[in-house]
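Read through the structure below, which is laid out as structure tokens, and then see the notes.
The values are calculated or read from the model by the stated rules, or taken from the named source; none is laboratory data. All of these numbers come straight from a predicted model, not from anything done at the bench. Neighbour counts run over all protein chains shown; Cβ positions are idealised from the backbone, glycine included. Ligands, DNA and RNA are excluded from the accessible area calculation, which covers all protein heavy atoms including side chains. Shrake-Rupley method; radii C 1.70, N 1.55, O 1.52, S 1.80 Å.
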Protein chains: 6
Amino acid sequence: MYELTVRDHVMIAHSLPDAFFGPAARLHGATFVVEVTWSRPELDSHGVVIDIGAAATRLSEVLSDLNYRNLDEHPAFVGRFSTTEVVAGHICDRLIATMDLAGFTAVMVTLREHPDAWATCRVEL
Amino acid sequence: MYELTVRDHVMIAHSLPDAFFGPAARLHGATFVVEVTWSRPELDSHGVVIDIGAAATRLSEVLSDLNYRNLDEHPAFVGRFSTTEVVAGHICDRLIATMDLAGFTAVMVTLREHPDAWATCRVEL
Amino acid sequence: MYELTVRDHVMIAHSLPDAFFGPAARLHGATFVVEVTWSRPELDSHGVVIDIGAAATRLSEVLSDLNYRNLDEHPAFVGRFSTTEVVAGHICDRLIATMDLAGFTAVMVTLREHPDAWATCRVEL
Amino acid sequence: MYELTVRDHVMIAHSLPDAFFGPAARLHGATFVVEVTWSRPELDSHGVVIDIGAAATRLSEVLSDLNYRNLDEHPAFVGRFSTTEVVAGHICDRLIATMDLAGFTAVMVTLREHPDAWATCRVEL
Amino acid sequence: MYELTVRDHVMIAHSLPDAFFGPAARLHGATFVVEVTWSRPELDSHGVVIDIGAAATRLSEVLSDLNYRNLDEHPAFVGRFSTTEVVAGHICDRLIATMDLAGFTAVMVTLREHPDAWATCRVEL
Amino acid sequence: MYELTVRDHVMIAHSLPDAFFGPAARLHGATFVVEVTWSRPELDSHGVVIDIGAAATRLSEVLSDLNYRNLDEHPAFVGRFSTTEVVAGHICDRLIATMDLAGFTAVMVTLREHPDAWATCRVEL
């Protein structure tokens, strides 16, 4: 089994308006370092999982809709908390909705919110 | 599938008194950078795998019993070598013994002992 | 010459409302990983530049006033842009204003805003 | 389940002579940071997955055949592109061919080619 | 004093054809992770050392002339070894030759060639 | 001005037997990630500050006297606390005592004891 991962980042504002989240209920922000991994059982005819340049472009396009935004006003997060896990899931969903993933077996998105915490969403295809 | 990871560290002394371990048979020490990952098939009602603050507190409590200790004198390692793998397994065991893990499917503990070596214990629940 | 550095982080929202900053003019946010370095020509009687625990506590206290905040509403940044450099300078100022720095020759604060950009403020004492 | 990972690196030249790879079709090079992970269901009698020193030596031996080489002239890559994925697969193959892996359930090799891209080959044993 | 650093990378082939360099005399390659730091005594009217976006663009332009190249054939390195230090110095020179550095007091370029070695060129202006 | 840095690590046990150090007064240990930097105004005839291989060998030799040791029993630390700063200073001293540093202007040693704390000793030559 082979995997290819590319990394990028976004800088967003958001709040998590519920006492459950303690001080994170207030409007604050995060640099999310985003890693996306594609999995395939075998390499394609060029010897790759996915072209690194194409993968980076794909990720950048999905992130451009989030970057320098206040997620409290983003339609994707209406009615739910934009936790690290939820944003990871959203990026996963967007990648799956906009790519031809024939031949791939999984997509995985990891968001690192600070050096000591990160979340992952993994979808088997 | 979703995962949440928090990171912390401990600074311990120990020896691995067997010729198998070469110079590590002598009393020496390590900074173990510890990462714990919890896995769930779906997020909970707050949109999280586990609250990051609660996860960090839980890890810190388990590590406080090891931190600034000589593991050669720690009851958890009587009769066995406190290798990186064994310490990872011990932390995994303590987390499982002291948390309500209903709804989780796996717990994973990684210990990084220096920039070029690390060990993981993963328990499916 | 000796130096001691401790690291922590804050998660903040802010905007940089000027066309100069491009999309960063919008309300967004950042995880600032913060490193503070203290310099001395010689070590003190305990063989340290500054006690690591005391240094970490001092940094945490200064950061608590910024963490999970919208810097657009913070009094320290009224009338100026809360750029990475300005926030680094503010943290430097607060450390200098609240510590007895007799015997130290410099304080330096580095803020990493994402993996590919960081800023430093260094004050010679 | 337990895993042990060791890390090393190689510095190689190569080209990927196909328009698919854009500018990487030209002769260029890479520092590949290489991580190898061995998996076992249980630890051995010394409390390890594999001795870290032995693992590091094994990896270093496999890498010595690639280090400071032009992969375009290396027999392992005749007739195929030496992409990051293919080199990861080659290292995996060499480890499997030259080690006694009785008791292990998987070997995984990750090659990091720059801070924002890496590839993995994982073989279940 | 304030500093701003941006980071990027290049992937190059080269050889260091002298017995002094041991196996690095052969044609091989490197991923150079490149960090450039600009220093100023005070911030400008926007509260920055230099705009991060402008800095990143400037660095990318200088690196584009090296990226995916065999430095043995690059005119900048005729008659000298393209060591990590020399490449750092070349990037420093190019930045100084192509930027208006009025108000800046230093430019510094660090090249990381693998996790355990890096070189810096610093020019006081 | 040019600098060259190499990195290595040691794993040691020690105690800091004074109430000043809190729980670190107990026997514990650390992985010290060690970075040594050499500075020169100009490069030598091979275009280097110091050969990376020679630098790494030199550092490894100095560290071999500390690695897998209990610093409480090491003659270099009799009558003083083996704090991170003191160990950095000791490594600096040993490098200066055992190398021909003609042409160099400074040697700097940084010890990282965990991800959030490190110390540096810098000696101008």
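Can you tell which of B:V78, B:V123 is touching a residue at least 12 places away in the same chain (Cβ under 8 Å) and either on the phi > 0 side of the Ramachandran plot or aliphatic (A, V, I, L, M) (or both)? The unique qualifying residue is B:V123. Is it the case, given these coordinates, that C:R40 is away from chain A (no Cβ under 14 Å) and among the basic types (K, R)? Yes. Screening C:F20 with (1) open to solvent by 10 Å² or more (accessible area, probe 1.4 Å); (2) aromatic (F, W, Y); (3) within 13 Å of the chain's Cα centre (by Cα) gives one miss only, at (3).
Could you please give the count of residues in segment B:75-92 that are in contact with a strand residue (DSSP E or B) (Cβ under 8 Å, 6 or more places away or on another chain), of a type outside the set (S, T, N, Q) and facing chain D (nearest Cβ under 8 Å)?
Filtering segment B:75-92 for residues in contact with a strand residue (DSSP E or B) (Cβ under 8 Å, 6 or more places away or on another chain) gives B:77, B:82-85, B:87-89, B:91-92.
Now narrow it down to the ones that are of a type outside the set (S, T, N, Q): B:77, B:85, B:87-89, B:91-92.
Then drop every residue that is not facing chain D (nearest Cβ under 8 Å), which leaves B:85, B:88-89.
Summing the residues that are in contact with a strand residue (DSSP E or B) (Cβ under 8 Å, 6 or more places away or on another chain), of a type outside the set (S, T, N, Q) and facing chain D (nearest Cβ under 8 Å) in segment B:75-92 gives 3.
Here A:Y68 meets each of (1) open to solvent by 50 Å² or more (accessible area, probe 1.4 Å); (2) facing another protein chain (nearest Cβ under 8 Å); (3) under 26 Å from B:V6 (Cα atoms); (4) out of contact with any Gly (no Cβ under 9 Å at 6 or more places or on another chain) with one exception, condition (4). Taking the criterion of being facing another protein chain (nearest Cβ under 7 Å) and touching a residue at least 12 places away in the same chain (Cβ under 8 Å), the residues of segment C:43-55 that qualify are C:L43, C:V48, C:V49, C:I52.
Counting only residues that are open to solvent by less than 40 Å² (accessible area, probe 1.4 Å) and assigned to a loop (DSSP other than H, G, I, E, B), which one in segment B:93-117 is nearest to the other protein chains (Cβ to nearest Cβ)? Let's see the steps before the verdict.
Looking only at segment B:93-117, we keep the residues that are open to solvent by less than 40 Å² (accessible area, probe 1.4 Å), and these are B:95, B:99, B:101, B:104, B:106-107, B:109-111, B:113-117.
Now drop any that are not assigned to a loop (DSSP other than H, G, I, E, B), which leaves B:99, B:101, B:104, B:115-116.
Values: B:M99: 17, B:L101: 17, B:F104: 13, B:P115: 6, B:D116: 4 Å.
Among them, the one singled out is B:D116.
Scanning segment B:38-59 for residues that are farther than 20 Å from F:P23 by Cα, outside any loop (DSSP other than H, G, I, E, B) and open to solvent by less than 10 Å² (accessible area, probe 1.4 Å) yields B:W38, B:S39, B:A55.
The one condition from (1) facing chain C (nearest Cβ under 10 Å); (2) part of a helix (DSSP H, G or I); (3) of a type in the set (G, A, S); (4) touching a helix residue (DSSP H, G or I) at 6+ places or on another chain (Cβ under 8 Å) that A:A24 does not meet is (4).
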